[in-house]
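**Q** Below you'll find the structure I mean.
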Amino acid sequence: MNLNTSIKKLIIKHLSIVTLSLTSLSVFGQIFSTAQNPLSVKWNYISAGGFKIIYPQELEKEAQRMANTLPYIYPKIGLGLRQQKTAIPLLLQNRGTVANGFVQLAPKKSEFYVTPPQFFDSQDWLNNLAVHELRHIAQFDKLTGAQVHPFPDLVYFAYFGAGIPTWFFEGDAVVNETALTNSGRGRQPNWIMPYRASILEGKKISYSKAYFGSNKDVTPGYYQTGYLMVSDMKEKYGQFISDSLLGDIRKRPIRLYPFSQSLKKFTKQNSRTYFLSTQNKLAEKWKMQQEKSVTESYESLNKKSALATDYFLPVRLNKNQVLALKESKTDARYFVIINEDKSEQKLFGIGYQEQPWFSLKNDHLVWDEIRYDPRYKQRSYSVICSYNLKTKKFKKLSSKSRLFSPSLSNDGKKIIASKVELSNQFNLVEMDASSGKILKTYSNLENEILQTPSFDQSGNKVAYISVSEKGKSLWLIDGEKKSQLISNSRQQLSRPIFINDKIVFNAHFNGIDNIYSIDPGSKKINALSVSKYGAFNPSETADGKIIFNNYKINGYEIAEAELTEKSVGENNFVDFSAAAEKQENVGNVFDKIPDSTYQVKRYHQALNLFSFHSIIPVIDNEYLFGLELQSNNLLNTMDFYTGAKYHRDLKRFEYTADISYKALYPVFSLLYRNRPKRTFYKAKNAIQQGDWRENYIKLNASVPLSFNARNQNYAFTLNAATSFTQRYMPENMPTGFIRELKFPMEYNFTFNHSVRTTERDIAPKWAQVFRATYNHQPFDKNLKGEILALESFLYFPGLAKNHSFLASFNYQKASGVNQYATEIATVYGYNNILAKSALQNSLLFNYRFPFAFPDWELGPFAYVRNFRAGLFCHYENIGKGTTFNDPKTYGIELNTSVNLLRYQPVVDLGARLVFVNQIYNQNPILEFSFNYSF
């Protein structure tokens, strides 16, 4: 791999670990986006108090609200870091259906994805994003200064990734969001529930495992770990401990483990020992809570698993079978039928969902899942799919829709769902379950966020949850009458359903998430479960019981209980943010937001193509190094890089420029190099050295398309490229030196199909990749030659779960100037084996499998996640004297995934022993590999 590319990728990986994503339970952890919106989106902007709010025209109302909100709350959010002013662009994105938000450098900006998930905090979604992401802005301003500096962004960002653990960034922000509002994730029992269950079950974990996760166990995650540790810091060392830590890191940046050393300076403990002392405190507090709480044990209807495994949303098919959505460390999410003896029958896998969701009535199954635009990945849809358990037929009931949480009527003929418009208008819609046609839209004049609706047994009443800055409410619609049964509560109300004459829902009145019922007439609330760690997602059974999710140490299990009402009980929740809330003394930071109207201006994409942000060093190899100026614009539609490199061996400079325009359906890229070149040639029985310079220009057009449907993913990429080379200033070159290389043509087509994978999968269980490449010289009479290359990679399930078998056959035909080119996959050890003939084809067999998941913490040096092994047998030039008893190379490989020096990127370290066919008289080859991912 080109070292310049390697360095760039390494920097990007480090940047990723401080991509400050706000991630609710239903949101996957997204690093900052490089995707585009369709060119048809029209953008405006508002300037307000240091914020430049850029937004699609449909979001005028939300943009004005944020223009009033952000400058007003930033001084309060930044107070604990002594930051009162900032300057940053902020984009409101409305084309997607995956909720998220982040702050980044290179270029410095923040993005809010305005479509909320169907389960999050008990406050307005954009306010939820603002209170969290503005703390990240304050963190950056503390470390870099609020003023723009001359091109340091990428260097800053890389250093933050290397020097400051992600758990601190996120933990500090979650403490802040909880202390400055009446909501916040720190007040949600289910958010910390997995860690609480582990502690109370006597399963304490290492610092590295809590931070980096595990391929076998449920772990708290760095958001939760950070929240609990930073909360403890603020309680012990005061409101400004985060300011002290970041200030010390800024003053003394060049140290090994800078954060841990600064933490030790102020607390006398490093990161690991502080985590362990916090864990001991948590155990003490949660044991006290457990002693005060009245709980019951529930028998699990699913089989036990030693791995983290979830069975979501159980419903009874009959007295002997249960349907649920299952996922685990070894399986992507799929529908499963669980029999009375706990044996399981897999139905089919589904696509990505914002939260686990389905509805089953009268043998009719519906669910929602995310579908992406083939080209513009900022645009996605939430579509409704259905399956008939009797006819075994699938149907997609909506296309290019923004519909969430579909629920069926009792007869399976109608669907009620939540709909979100591009303007962020929320409505409930009633649909025909057969055709998907919208039959009715329920008005929502207050435009509160609407969640998880459901029909009663008659199909005439609807229960749903609404969310606003005042809190969550439970509503009942009965004909034209709308009643508010629970008003503006900070409870995590979710998923109301009708059972008999009551409405049953999830909440946490006793400090633990449980199932409750409310009488619509009297509005009296009773408990239906008293789980030890958390109970969720009830449904009624034919014999008058409820079946539901009961959380245990390895995930969401299935339990069943009599429909018996109990007292709500006392709230014994442990609020770890109480000290921070008292220190801030703000109440709700969103009280008394101004209501001004700001001037709106058009944001012209054509006038904002460049956003220069960084000068970085680049190192191609030990002989080639230099500096590069980088620009990436705010809408991700154009990238520009230019720089100079010094060739140490040639003692000359190379000048570079690359530009890529990504707003159109094809992606156009233009590359320019002015570079020195050297060659050696034989003349008059001696080896001569020749030098020249050349201008090299390459134009590439690419159409990258990808589709997803249920658990199937498809991708097509078509590339076409040409180039022109002009050589000049030749020194000591032979007669006939070619001065111009005119427009060689390159074509490439790739098709990829795969099924969803899990974190334990080495490769997809089923996947096919086909690639065709053709290069030729149609415009240059002096240079003849072509190459055609065809590649195939077929992945199959192995002998056990998460094992992978790859069969790859590849063919190339080359001539003329391309006769020695290699465009296809080669055998292992290829570069170390003397070739006996030109490469024409290769046949590769690889079998890979994981075999151990130790979760070893090796002091501060490494955290070992897993070990994997592989066997391979590779052939070359089949049909040219090679047989299946005569492979060119074969051997074994061993890999492990680790986190080195407590840094976030996952490093894959590997060794491979390659045995070479005896006819080559080659000793075994030992190869090592080093890769990384985030």
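**Q** Could you run through segment 817-828 and say how many residues are at pLDDT 90 or above and not in a loop (DSSP other than H, G, I, E, B)?
**A** Result for segment 817-828: 0.
**Q** Here's another thing I want to ask about it. Scanning segment 405-428 for residues that are out of contact with any Phe, Trp or Tyr (no Cβ under 8 Å at 6 or more places or on another chain) and of a type in the set (S, T, N, Q), which turns out farthest from residue 496 (Cα to Cα)?
**A** Start the filter on segment 405-428 by keeping residues that are out of contact with any Phe, Trp or Tyr (no Cβ under 8 Å at 6 or more places or on another chain), which leaves 411-413, 415, 421-426.
So of that shortlist, the ones also of a type in the set (S, T, N, Q) come out as 423-425.
Working: 423: 27, 424: 23, 425: 22 Å.
Looking at residues that are out of contact with any Phe, Trp or Tyr (no Cβ under 8 Å at 6 or more places or on another chain) and of a type in the set (S, T, N, Q), I get 423.
**Q** Would you point out which residue out of 302, 320, 388 is without any contact (Cβ under 8 Å) to a residue 24 or more places away in the chain and of a type outside the set (Asp, Glu)? Explain how you work it out, then say what you get.
**A** Details: 302 fails: without any contact (Cβ under 8 Å) to a residue 24 or more places away in the chain; 388 fails: without any contact (Cβ under 8 Å) to a residue 24 or more places away in the chain.
One residue alone meets the criteria, 320.
**Q** Select from segment 878-899 the residues that are buried (at least 18 other Cβ atoms within 10 Å of the Cβ) and assigned to a loop (DSSP other than H, G, I, E, B) and write down the one among them that is modelled with the lowest pLDDT.
**A** Filtering segment 878-899 for residues that are buried (at least 18 other Cβ atoms within 10 Å of the Cβ) and assigned to a loop (DSSP other than H, G, I, E, B), the one modelled with the lowest pLDDT comes out as 887.
**Q** Further question on the same structure: Give me the pairs, please: first residue somewhere in segment 833-847 and at positive phi, second residue anywhere and surrounded by fewer than 13 Cβ atoms within 10 Å (Cβ to Cβ) and small (Gly, Ala, Ser), beta-carbon distance under 7 Å, and either six or more positions apart or on two chains.
**A** If the second residue must be surrounded by fewer than 13 Cβ atoms within 10 Å (Cβ to Cβ) and small (Gly, Ala, Ser), no pairs are left.
**Q** So which residues in segment 758-784 are surrounded by fewer than 18 Cβ atoms within 10 Å (Cβ to Cβ) and touching a His at 6+ places or on another chain (Cβ under 7 Å)?
**A** If the condition is that a residue be surrounded by fewer than 18 Cβ atoms within 10 Å (Cβ to Cβ) and touching a His at 6+ places or on another chain (Cβ under 7 Å), then 768 is the only one that fits.
**Q** Could you please tell me which pairs satisfy a Cβ distance under 6 Å, a separation of 6+ or placement on different chains, a first residue in segment 238-250 that is assigned by TED's automatic domain parsing to the domain that holds residue 581 and on the phi < 0 side of the Ramachandran plot, and a second residue that is surrounded by fewer than 16 Cβ atoms within 10 Å (Cβ to Cβ) and in a helix (DSSP H, G or I)?
**A** 244/266
**Q** OK, next. Among what's in segment 329-375 and is surrounded by 21 or more Cβ atoms within 10 Å (Cβ to Cβ) and of a type in the set (Gly, Ala, Ser), pick the residue that is nearest to residue 306 (Cα to Cα).
**A** 351
**Q** Considering only segment 336-357, I want to know if a residue exists there that is closer than 30 Å to residue 56 by Cβ and among the aromatic types (Phe, Trp, Tyr).
**A** Checked segment 336-357: at least one residue is closer than 30 Å to residue 56 by Cβ and among the aromatic types (Phe, Trp, Tyr).
**Q** Let me ask something else about it. Regarding residue 177, is this residue of a type in the set (Asp, Glu) and over 21 Å from the mean Cα position of the chain (by Cα)?
**A** Details: of a type in the set (Asp, Glu): yes; over 21 Å from the mean Cα position of the chain (by Cα): yes.
Criteria met by residue 177.
**Q** I'm checking my understanding of the structure. Among residues of segment 780-802 that are within 27 Å of residue 839 (Cβ to Cβ) and assigned to a loop (DSSP other than H, G, I, E, B), which one is modelled with the highest pLDDT? Spell out the reasoning first.
**A** First pass over segment 780-802, keeping only residues within 27 Å of residue 839 (Cβ to Cβ): 780, 782-796.
Restricting the remaining residues to those that are assigned to a loop (DSSP other than H, G, I, E, B) gives 780, 782-785.
Numbers: 780: 87, 782: 80, 783: 86, 784: 88, 785: 91.
The selected residue is 785.
**Q** What pairs come up if the first residue lies in segment 516-541 and is outside the structural domain of residue 200 (by TED's automatic domain parsing), the second is part of a strand (DSSP E or B) and of a type in the set (Gly, Ala, Ser), and their beta carbons are under 6 Å apart, counting only those six or more places apart or on different chains?
**A** 516/507; 516/527; 526/517; 528/517; 529/535
**Q** How many residues, within segment 328-372, are closer than 28 Å to residue 456 by Cα, among the hydrophobic types (A, V, I, L, M, F, W, C) and assigned to a loop (DSSP other than H, G, I, E, B)?
**A** Counting residues in segment 328-372 that are closer than 28 Å to residue 456 by Cα, among the hydrophobic types (A, V, I, L, M, F, W, C) and assigned to a loop (DSSP other than H, G, I, E, B) gives 3.
**Q** If you don't mind, another one. What's the number of the condition residue 270 fails, among (1) out of contact with any Leu (no Cβ under 9 Å at 6 or more places or on another chain); (2) free of Cβ contacts under 8 Å to residues at least 40 places away in the same chain; (3) under 22 Å from residue 206 (Cβ atoms)?
**A** (1)
**Q** Shifting gears a bit: Does at least one position in segment 664-681 carry a residue that is outside any helix (DSSP H, G or I), assigned by TED's automatic domain parsing to the domain that holds residue 693, touching a residue at least 60 places away in the same chain (Cβ under 8 Å) and within 30 Å of residue 63 (Cα to Cα)? Spell out how you get there, then give the answer.
**A** Just the residues of segment 664-681 that are outside any helix (DSSP H, G or I), to begin with: 664-681.
Those still in the list that are assigned by TED's automatic domain parsing to the domain that holds residue 693 too: 664-681.
Among the residues that remain, those that are also touching a residue at least 60 places away in the same chain (Cβ under 8 Å) are: 664-665.
Next, from what is left, pick out any that are within 30 Å of residue 63 (Cα to Cα): 664-665.
Yes - at least one qualifying residue is present in segment 664-681.
**Q** Would you please name the residue that is modelled with the highest pLDDT, looking only at residues in segment 725-762 that are of a type in the set (A, V, I, L, M, F, W, C) and under 23 Å from the mean Cα position of the chain (by Cα)?
**A** Within segment 725-762, the subset of a type in the set (A, V, I, L, M, F, W, C) is 729, 733, 737-738, 741, 743, 745, 749, 751, 755, 762.
Now drop any that are not under 23 Å from the mean Cα position of the chain (by Cα), which leaves 755, 762.
Numbers: 755: 94, 762: 91.
If we take residues in segment 725-762 being of a type in the set (A, V, I, L, M, F, W, C) and under 23 Å from the mean Cα position of the chain (by Cα), then 755 is modelled with the highest pLDDT.
**Q** I'm trying to understand the selection: among the residues of segment 339-391, which are over 30 Å from residue 101 (Cα atoms) and acidic (Asp, Glu)?
**A** So the first thing to find is which residues in segment 339-391 are over 30 Å from residue 101 (Cα atoms), and the list is 339-348, 360-365, 386-391.
Within segment 339-391, 340, 341, 344, 363 meet the criteria.
**Q** Then there's this: Out of curiosity, is residue 212 among the hydrophobic types (A, V, I, L, M, F, W, C), in contact (Cβ under 8 Å) with a residue 12 or more places away in the chain, within 14 Å of residue 246 (Cα to Cα) and crowded, with 20+ Cβ neighbours inside 10 Å? Step through it out loud before you land on a result.
**A** On the way: among the hydrophobic types (A, V, I, L, M, F, W, C): yes; in contact (Cβ under 8 Å) with a residue 12 or more places away in the chain: yes; within 14 Å of residue 246 (Cα to Cα): no; crowded, with 20+ Cβ neighbours inside 10 Å: yes.
No; evaluated as a whole, the condition is false for this residue.
**Q** Which condition number in (1) polar (S, T, N, Q); (2) without any contact (Cβ under 8 Å) to a residue 40 or more places away in the chain; (3) part of a loop (DSSP other than H, G, I, E, B) is the one that residue 261 fails?
**A** Answer for residue 261: the failing condition is (3).
**Q** Within the bounds of segment 178-192, is there any residue that is out of contact with any helix residue (DSSP H, G or I) (no Cβ under 7 Å at 6 or more places or on another chain) and in a helix (DSSP H, G or I)? Working first, answer last.
**A** To start, the set of residues in segment 178-192 that are out of contact with any helix residue (DSSP H, G or I) (no Cβ under 7 Å at 6 or more places or on another chain) comprises 182-183, 188-190.
Going one step further and asking which of them are in a helix (DSSP H, G or I), we end up with 189-190.
Yes, there is a match, as at least one residue in segment 178-192 is out of contact with any helix residue (DSSP H, G or I) (no Cβ under 7 Å at 6 or more places or on another chain) and in a helix (DSSP H, G or I).
**Q** Here's something else I'd like to know. Would you confirm whether any residue within segment 850-866 is under 21 Å from residue 926 (Cα atoms) and either surrounded by fewer than 16 Cβ atoms within 10 Å (Cβ to Cβ) or of a type in the set (Lys, Arg) (or both)?
**A** No - not one qualifying residue is present in segment 850-866.
**Q** Right, something else. Specify which of the listed residues (660, 702) is under 28 Å from residue 111 (Cβ atoms), in contact with a Pro (Cβ under 7 Å, 6 or more places away or on another chain) and at pLDDT 95 or above.
**A** Values: 660 fails: in contact with a Pro (Cβ under 7 Å, 6 or more places away or on another chain).
Going through 660, 702 in turn, the sole match is 702.
**Q** Could you go through segment 829-843 and let me know if any residue there is in a loop (DSSP other than H, G, I, E, B), over 30 Å from residue 327 (Cα atoms) and within 37 Å of the chain's Cα centre (by Cα).
**A** Quick first cut of segment 829-843, residues in a loop (DSSP other than H, G, I, E, B) only: 829, 833-840.
Going one step further and asking which of them are over 30 Å from residue 327 (Cα atoms), we end up with 829, 833-840.
From what is left, the residues that are within 37 Å of the chain's Cα centre (by Cα) are 829.
Within segment 829-843, one or more residues are in a loop (DSSP other than H, G, I, E, B), over 30 Å from residue 327 (Cα atoms) and within 37 Å of the chain's Cα centre (by Cα).
**Q** Need a quick list: strands (runs of 3 or more DSSP E) entirely within segment 26-119 having at least 2 residues that are closer than 30 Å to residue 237 by Cα and either touching a strand residue (DSSP E or B) at 6+ places or on another chain (Cβ under 7 Å) or without any contact (Cβ under 8 Å) to a residue 24 or more places away in the chain (or both).
**A** Details: elements: 43-48, 51-56, 88-93, 100-104, 109-113.
Counting at least 2 such residues, we get 100-104.
Residue-wise test of (1) closer than 21 Å to residue 61 by Cβ; (2) part of a loop (DSSP other than H, G, I, E, B).
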| site | (1), (2) |
| --- | --- |
| 422 | yes, yes |
| 435 | no, yes |
| 447 | yes, yes |
| 452 | no, no |
| 463 | no, no |
| 476 | no, no |
| 487 | no, no |
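**Q** Examine segment 907-915 for a residue that is outside any strand (DSSP E or B) and without any contact (Cβ under 8 Å) to a residue 40 or more places away in the chain, and state whether such a residue exists. Don't jump to the end; show me each part of the working.
**A** So the first thing to find is which residues in segment 907-915 are outside any strand (DSSP E or B), and the list is none.
No, that holds for no residue.
The values are calculated or read from the model by the stated rules, or taken from the named source; none is laboratory data. Just so it is clear, the structure is predicted and the values come from calculations on it, not from any experiment. Here the Cβ is made from the backbone with ideal geometry for all residues, glycine too, and neighbour counts use every protein chain on show.
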